[in-house]
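The values are calculated or read from the model by the stated rules, or taken from the named source; none is laboratory data. Being a predicted model, the structure only gives us computed values, none of them experimental. Cβ atoms come from the backbone with ideal geometry, glycine included; neighbour counts cover every protein chain shown. We work out accessible area using only protein heavy atoms, side chains counted, and drop any ligands, DNA or RNA first. Shrake-Rupley method; radii C 1.70, N 1.55, O 1.52, S 1.80 Å.
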Amino acid sequence: MTNKKSTSHKSVEVKLEAVHQVIENKRPVSEVANELHLHRDTVNRWVNAFKKNGKQGLESPRSITQAYSHSKDSKRIRDLEKKLRETELENEILKKFQAFLKKNE
C-alpha cells in the first residue's frame, strides 16, 4: 500500500498551485502529480479546466450546483434559459423556411 498524502481534491488552492506549476513553471504534469500523490490525469483535468474556465473551473461542481440551486432566482434563470433555447430554435427554423420560400419563388 502506498503512503498517500491527504491532499484534498476540493481545495481550490491546491489545484491552483498545481496548475501554476504546470503552466507557469513549465513542469511536467506527471512530476507535479507525483509530488501531490495524485494521478496525472487528475492534474491534467485541473489544467484543462483552468484553461477553459479559469479559477471557477477548479471549484467543486457540487458546491457550484448547491450555490446555484439554493439561489431564489435559480428557477427563474433556468426557465429563462430554456425559453431562450426554444426561441433560438424557432428563429433558426423560421430562417430556413424563409430561405426555402425564396428559393421556390
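Which FRET efficiency, nearest 0.05, do VAL14 and LYS75 yield, Cβ-Cβ r, R0 35 Å? If you can, show how the numbers build up before the last one.
Numbers: r = 34 Å, r/R0 = 0.97.
That gives a FRET efficiency of 0.55.
Step through the table entries LYS26/LYS52; LYS15/LYS52; LYS52/LYS96; LYS26/LYS55; LYS26/LYS51, compare each Cα-Cα distance with 21 Å, and write down the pairs that go over it.
Working: LYS26/LYS52 18 Å; LYS15/LYS52 14 Å; LYS52/LYS96 33 Å; LYS26/LYS55 19 Å; LYS26/LYS51 14 Å.
Correct reply: LYS52/LYS96.
Might you work out the accessible area of LYS75 for me, using a 1.4 Å probe with all protein chains in place, and round it to the nearest 10 Å²?
In the full protein context, LYS75 sits at about 120 Å².
With a Förster radius of 35 Å, plug the Cβ-Cβ distance of ARG40 and ASN91 into 1/(1 + (r/R0)^6) and report the FRET value to the nearest 0.05.
Details: r = 45 Å, r/R0 = 1.27.
Once rounded, the FRET efficiency stands at 0.20.
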